[in-house]
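Trainee: Please see the structure below; I have some questions.
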Ligand SMILES: C[S@@+](CC[C@H](N)C(=O)[O-])C[C@H]1O[C@@H](n2cnc3c(N)ncnc32)[C@H](O)[C@@H]1O
């Protein structure tokens, strides 16, 4: 049915006119209100209409935000499911059972726990990404990367197997901006002497060690892609009764060369090769000082 336009609406003040148009007020009532000659009524109507408009706008904005949030949340929950399926630990304390011996050599003095390398590789790379280990030792990183379909290039000053390239990693023979993850597991100063070669960083004084590590860290940074990650597995130590925090010293260098700090994980040490070999002698040494036995390593995370 066609509705005829009621001319009475034309003479109404703005607020009442709007209220009638939006069907908040019957026209007859509006006409009566005008007859009362009370400008306050019109003003109140304008306020109510504006408030209603704002409320509706907020309602729409909130509804849209809720939809976006739930979409994001779904994406996050899917990611969480994927990390759980892959066994990725999302907290900063890592404690594993026995070393998983499919990777590297469990008898290599100073090997990395397989599970530590796995956590870094799985969390920070995806299938087909490229990983570099500049100090590969017994090749733990190689085997982890192969098991998880990552490309791997491994170097060491004293290679223990054919798939490790002999190299002094103060220069890394890898193209600039070509690597998604560098996994770096340097000697803990002189804790283990790896060789008698003059380039071996385990033979150096603390200052020389840090200088060499600066070169290796800068090389790692150079070969990383933008947003690529560097993981450093390192432990602190006590020498001649003095605590030496290698993790802090290396962190200072990483900061100085402009890497972005992404935090660290603490890996509880369990039955390391050196512990097996030296047994209680380690504790006997510390009993005469105020130092603690270092029962953890740290994994430092940095981003280019
Ligand atoms: C802690 S071990 C790495 C262990 C390894 N992540 C594994 O799981 O077997 C450190 C390694 O650094 C190597 N290294 C020492 N100085 C080096 C240098 N200048 N360039 C390259 N590798 C070096 C040693 O030969 C040793 O194998």
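Trainee: Quick one: compute the contact order of the chain, relative version, from alpha carbon pairs under 8 angstrom and 6+ residues apart, as a percent. Please report the intermediate quantities before stating the final value.
Mentor: Working: 456 pairs, mean separation 41.6, N = 304.
Relative contact order for the chain comes out at 14 percent.
Trainee: Something else now. Per-residue counts of other Cβ atoms within 10 Å, averaged by peptide: what ranking do you get for 143-151, 73-81, highest first? Please list the in-between numbers first.
Mentor: Details: 143-151: 18.8, 73-81: 10.2.
Descending packing order for the listed peptides: 143-151, 73-81.
Trainee: Just to verify a number: FRET efficiency for residue 6 and residue 56, C-beta to C-beta distance, R0 = 22 Å, to 0.05? Working shown, then result.
Mentor: Values: r = 26 Å, r/R0 = 1.18.
For R0 = 22 Å, the calculated efficiency reads 0.25.
Trainee: Next up: What is the spin-label model distance, in nm, from residue 178 to residue 21 if the labels are put 7 Å beyond Cα along the C-beta direction?
Mentor: 6.9 nm
Trainee: Continuing with the same structure: Sort 198-205, 290-297 by packing, meaning the average of other beta carbons within 10 Å per residue, with the highest value first. Intermediate values should be presented prior to the final figure.
Mentor: Values: 198-205: 15.8, 290-297: 13.8.
Top of the packing list down: 198-205, 290-297.
Trainee: For a distance above 35 Å, tell me the whole-number percent of Cα pairs in the chain that qualify.
Mentor: Values: 19049 of 46056 pairs.
That fraction is 41 percent.
Trainee: Relative contact order (percent) for region 7-67, with alpha-carbon contacts under 8 angstrom and 6 or more residues of separation?
Mentor: Numbers: 32 pairs, mean separation 20.6, N = 61.
Over region 7-67, the number comes to 34 percent.
Trainee: If you fit an axis through the alpha-carbon atoms of helix 114-124 and take the longest principal axis of the Cα set of the chain, what angle between them do you get, 0 to 90°, nearest 10?
Mentor: The angle comes out near 30 degrees.
Trainee: So if each residue of separation counts as 0.36 nm, and I subtract the Cα-Cα distance between residue 149 and residue 239, what length gain in nm does that give?
Mentor: Details: separation 90, 0.36 × 90 = 32.40 nm, distance 4.06 nm.
Here the answer is 28.3 nm.
Trainee: For n ≥ 4 DSSP H runs only, could you compute -39500 (n - 2.57) per run for the chain, divide by its residues and tell me the 222 nm figure to the nearest 500? Walk me through the intermediate numbers first.
Mentor: Details: 9 runs with 125 residues, N = 304.
After summing the helix terms and dividing by residue count, I get -13000 deg cm²/dmol.
Trainee: At 0.36 nm per residue, minus the direct Cα-Cα distance, what do residue 160 and residue 69 gain on full extension? Give it in nm, one decimal, please. Let's see the in-between values first.
Mentor: Details: separation 91, 0.36 × 91 = 32.76 nm, distance 5.13 nm.
Length gained, residue 160 through residue 69: 27.6 nm.
Trainee: Sort 107-115, 19-27 by the packing proxy (mean of other Cβ within 10 Å over each peptide's residues), most packed first. Mind showing how you got there, number by number?
Mentor: Values: 107-115: 19.2, 19-27: 15.4.
Descending packing order for the listed peptides: 107-115, 19-27.
Trainee: State, to one decimal in nm, how far the label point of residue 211 lies from the label point of residue 41, with both points 7 Å from Cα in the Cβ direction.
Mentor: Modelled inter-label distance: 9.3 nm.
Trainee: To continue, here is another question. Specify the inter-centroid distance of region 139-170 and region 56-129, based on alpha-carbon positions, in whole Å.
Mentor: Using only Cα atoms to place each centre, the spacing works out to 24 Å.
Values in this text are rule-based calculations from the coordinates and carry no lab data. Being a predicted model, the structure only gives us computed values, none of them experimental. Reconstructed Cβ throughout: ideal geometry from the backbone, glycine too, with neighbour counts over all protein chains shown.
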